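Colleague: Once you've had a glance at the structure underneath, I'll fire off some questions.
Only the coordinates and a few stated rules stand behind these numbers; no lab work does. All of these numbers come straight from a predicted model, not from anything done at the bench. We place every Cβ from the backbone using ideal geometry, glycine too, and count neighbours over all the protein chains shown.
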Amino acid sequence: MKPLHLLLQRFADAGLEFVVVGGFAGVLHGSSYVTDDLDICAVLSGENIEKLRTALADLHPVHRITHKKLSFLEHPPAGQQVANLYLETDAGVVDVLSSILGLGGFEALRRNAMEISLFGRRCRVISLEDLIKAKEAMGREKDILTAKELRAIAAKRKQS
């Protein structure tokens, strides 16, 4: 397993505002479905892309979906707008998403996110309720199964 915690620490240290989403967030909420990548939601402004580049510079970030595995340090060029980044680094795979299906963009997620101490840094994590909505909106079998488990976790928490 790749040291995904290193990515979170780097992003926090770079001053990037982000919300942890996806499978890693599911694990933080108690899901037993293990993930081997990190998904975050952030505003992909020119300033934030530079923060990401600084945070990942020595981890050899490349665009994992492009045929030639283009370097993230050079692509996209400054000023070019991007909606999402799908990167592979020496510390693992990270997807930086500007919006989450069924929920909206960063501000919508941040509103309900919980802030926790994670690997020595303060990080925002998508709320359990929002994560369930996102997993159900994705509609893939693995997401539906995770949503079902997360609903059971939510119900158990309400009983406590």
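Colleague: Taking springs between alpha-carbon atoms closer than 10 angstrom, which of L101, L52, L131 fluctuates most in the Gaussian network model of the chain?
Modeller: Evaluated over the chain, the most mobile residue of the options is L101.
Colleague: Extending each Cα 7 Å along its Cβ direction at A14 and F119, get the distance between those two points in nm, one decimal.
Modeller: Each label point is offset 7 Å from its Cα along the Cβ direction, giving 1.3 nm.
Colleague: For the chain, with the dipole built from +1 on Lys and Arg beta-carbon atoms and -1 on Asp and Glu ones, taken about the Cα centre, which of A25, A55, L4 lies farthest toward the positive end?
Modeller: Working it through, the farthest residue towards the positive pole turns out to be A25.
Colleague: Please get the size of the charge dipole for the chain, origin at its Cα centre, with Cβ charges of +1 on Lys and Arg and -1 on Asp and Glu, quoted in debye to the nearest 20.
Modeller: Here the size comes out at about 480 debye.
Colleague: Ok, one more. How many percent of DSSP beta bridges within the chain run antiparallel, rounded to 5?
Modeller: About 75 percent, rounded to the nearest 5.
Colleague: Can you tell me which of A57, A78, A14 moves the most in a GNM of the chain? Springs connect C-alpha atoms under 10 Å apart.
Modeller: Comparing A57, A78, A14 in a Gaussian network model of the chain, the most mobile one is A78.
Colleague: While we're on this one: Starting from the Cα of E141, step 7 Å along the direction of its Cβ; do the same at S71; then give the gap between the two resulting points in nm.
Modeller: 4.1
Colleague: Follow-up question, since we're still on this one. Measure off 7 Å from each Cα along the Cα-to-Cβ vector at N112 and S45, then give the distance between these two points in nanometres to one decimal.
Modeller: My value for the distance between the label points is 2.5 nm.
Colleague: If you bin the C-alpha pair distances of the chain every 10 Å from 0, what whole percents do you get?
Modeller: Once binned at 10 Å, the Cα pair distances of the chain give 11, 40, 35, 12, 2, 0.
Colleague: Here's a follow-up. With the chain treated as a Gaussian network of Cα nodes joined by springs under 10 Å, which of K68, K148, K133 yields the largest mean-square fluctuation?
Modeller: In this elastic network of the chain, the residue with the biggest mean-square fluctuation among K68, K148, K133 is K68.
Colleague: Looking at this model, which pairs from K133/K158; K68/K142; K51/K135 are more than 24 angstrom apart at the alpha-carbon?
Modeller: K68/K142; K51/K135
Colleague: Also, quick follow-up: What size of dipole, in debye to the nearest 20, comes out for the stretch 90-134 about its Cα centre when the only charges are +1 on Lys and Arg C-beta atoms and -1 on Asp and Glu C-beta atoms?
Modeller: 180
Colleague: Using the crude model of +1 on Lys and Arg Cβ and -1 on Asp and Glu Cβ, and no other charge, please compute the dipole size for the stretch 56-100 relative to its Cα centre, in debye to 20.
Modeller: Magnitude of the dipole: close to 180 debye.
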